[in-house]
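**Q** Please see the structure below; I have some questions.
The values are calculated or read from the model by the stated rules, or taken from the named source; none is laboratory data. For clarity, every value in this text was computed on a predicted model and none was experimentally measured. Glycine also receives a Cβ, built like all others from the backbone with ideal geometry; neighbour counts cover every protein chain displayed. With ligands, DNA and RNA removed, areas are computed over all heavy atoms of the protein, side chains included. Shrake-Rupley method; radii C 1.70, N 1.55, O 1.52, S 1.80 Å.
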Amino acid sequence: MAHIAGLIVTADDGFKKHLGRLLRSSSVPVGVVDAIRDGAPPELVVVDIRGDAASGLSSIERLRVTAPAAAIFAVASAADPDLILQSMRAGANEFFIWPPADETFHGAIRRMATRRETAHGVRTAAQTFVFFGAKGGAGTTTVAVNCGVELARLSKKPTLMIDLKPGLGEVALFLGVRSRYSIDNLHRLDRDFLRELVVKHKSGLEILAGSDNFDRPGPSDGGAIEELLRLLAKQYDYLVIDAGSQINPCSVAAIYAGDRMFLTANPDVPSVRNAQRLLERVRELGASGDRVRLLLNRAAEPFPIPPKQIETALGHPIHHMFPSDYKTVSTALNSGVPLSLAGDSEIAAQFDLFVRKVLDPGSAGDQAGGKKGLLNIDRIASLW
């Protein structure tokens, strides 16, 4: 799916906030940039022409010159026929009345992304899979690492694993590799330098290791992470992100960039409670809820909370369940060998099955079912 850089041209903070939410809640991942950067013009620009129409039209004309391949959306106060015509002549591709209807606006983004992907010479950007834990210790890194290895192994395509956990990232450790560089090195964001940052595992998976510093990546790195993910999406077929279990500017940047967010939980009360709150927070952030898939890790009978009850409580189906196998998993982690390379086991077979399902997104098991946005809070309370 396309990873699009979007620029909002306005002097109105309310307009910028509203359009930022609309862009980021699209089913097509859109990252919002602050300005046109040399060598990296935005693919989508939204221009506010509600007040000073002449100034807005001039902005559209300049943008058409500086970013000739960009899609330009004009937003006006009313559907004035003359203004619509002037906007199109200036170079706008779409015209909207304030405030734009969500579905109409998102439809225009999807059309623009489809045209861009099918245009001659445009490389399809990476699919980005974000793994987020309902709580610390849920096994999110274990799930993310083994899925990354399986993606590289089964797809035979360039796949990068990114460790976004500040200070305590364990991806490189779990895979038994050492890296000279880490995600600390955000001062240069160019193709050649980014290639130097990664280390390659024998499975074919490439790794951008987590920081050894407890404060990196920090709150001020959110913008750099968003730009980093956009650039990496142009170099790989798959990005796999271990985003930890904390909502912060860097994990939010990953959530916005993700084609799929895999929320990893255990069948226990703290996990279910936190999963409910995280699903609600994702919705508040404006990220598309259609991208979320629920994973149940360490699933073994007797369940502390039965899977059907978890689905009812969260209003979200369980996308996949991984069995509880402490001995096999701990042996693999301590030896730095991923499960698929450590011998036959039921849990390794489940990772193989899960990734095959990810690679075939049209399969029935990959659909986000349940009532959209429904969170059965009364049911959550009854679990205590």
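**Q** Contact order normalised by length for the chain, with contacts defined as Cα pairs under 8 Å and 6 or more residues apart; what percent is it? Could the numbers behind the result be given before it?
**A** Numbers: 741 pairs, mean separation 64.2, N = 384.
Once divided by the residue count of the chain, the mean separation gives 17 percent.
**Q** Still on this structure: Order these peptides, 263-274, 292-303, by their mean beta-carbon neighbour count within 10 angstrom, highest first.
**A** The peptides rank, most packed first, as 263-274, 292-303.
**Q** Does segment 267-356 come out rounded, prolate or oblate, given a ≥ b ≥ c as the square roots of the eigenvalues of its C-alpha gyration tensor, rounded meaning a/c under 1.5 and, failing that, prolate meaning a/b above b/c?
**A** Numbers: a/c = 2.27, a/b = 1.72, b/c = 1.32.
In terms of gyration-tensor shape, prolate.
**Q** R0 = 25 Å: FRET efficiency of Thr104 with Arg281, Cβ-based, nearest 0.05?
**A** 0.40
**Q** Okay, moving on. As I understand it, the value is the acute angle between the Cα axis of helix 81-90 and the longest principal axis of the Cα atoms of the chain; what does it come to in degrees, rounded to 10?
**A** Helix 81-90 sits roughly 70 degrees off the main axis of the chain.
**Q** Please name whichever of Ala69, Ala90, Leu239 sits farthest to the positive end of the charge dipole of the chain, dipole taken about the Cα centre and charges placed at Cβ: Lys and Arg +1, Asp and Glu -1.
**A** Leu239
**Q** Can you send over the carbon and sulfur percentage of the accessible area for segment 70-115, probe radius 1.4 Å, protein chains only?
**A** Working: 1200 of 2190 Å².
The C+S portion of the solvent-accessible surface of segment 70-115 is 55 percent.
**Q** By accessible area of protein heavy atoms, probe 1.4 Å, what ranking do Lys165, Lys234, Lys202 get, highest first? Don't jump to the answer; show the numbers that get you there.
**A** Numbers: Lys165 45, Lys234 70, Lys202 170 Å².
The ordering from most to least exposed comes out as Lys202, Lys234, Lys165.
**Q** For n ≥ 4 DSSP H runs only, could you compute -39500 (n - 2.57) per run for the chain, divide by its residues and tell me the 222 nm figure to the nearest 500? Could you put the intermediate results ahead of the total?
**A** Numbers: 14 runs with 155 residues, N = 384.
Rounded to the nearest 500, it is -12000 deg cm²/dmol.
**Q** Continuing with the same structure: Suppose accessible area is computed on protein heavy atoms with a 1.4 Å probe; arrange Lys157, Lys327 from highest to lowest.
**A** Working: Lys157 95, Lys327 160 Å².
Ranked list, largest accessible area first: Lys327, Lys157.
**Q** Just to confirm my numbers, what's the Cα centroid distance between segment 136-173 and segment 247-312 in Å?
**A** Each part's Cα centre sits 17 Å from the other's.
**Q** Which angle from 0 to 90°, rounded to the nearest 10, does the C-alpha axis of helix 140-155 make with the longest principal axis of the chain?
**A** 80
**Q** Once the Cα atoms of helix 102-118 and of the chain are each reduced to a long axis, what angle between those two axes, in degrees from 0 to 90 to the nearest 10, is obtained?
**A** 80
**Q** Leaving ligands and nucleic acids out of the surface, order Asp344, Asp290 by accessible area at 1.4 Å, largest first. It would help to have the intermediate numbers written out before the result.
**A** Numbers: Asp344 165, Asp290 70 Å².
Listed by decreasing accessible area, they come as Asp344, Asp290.
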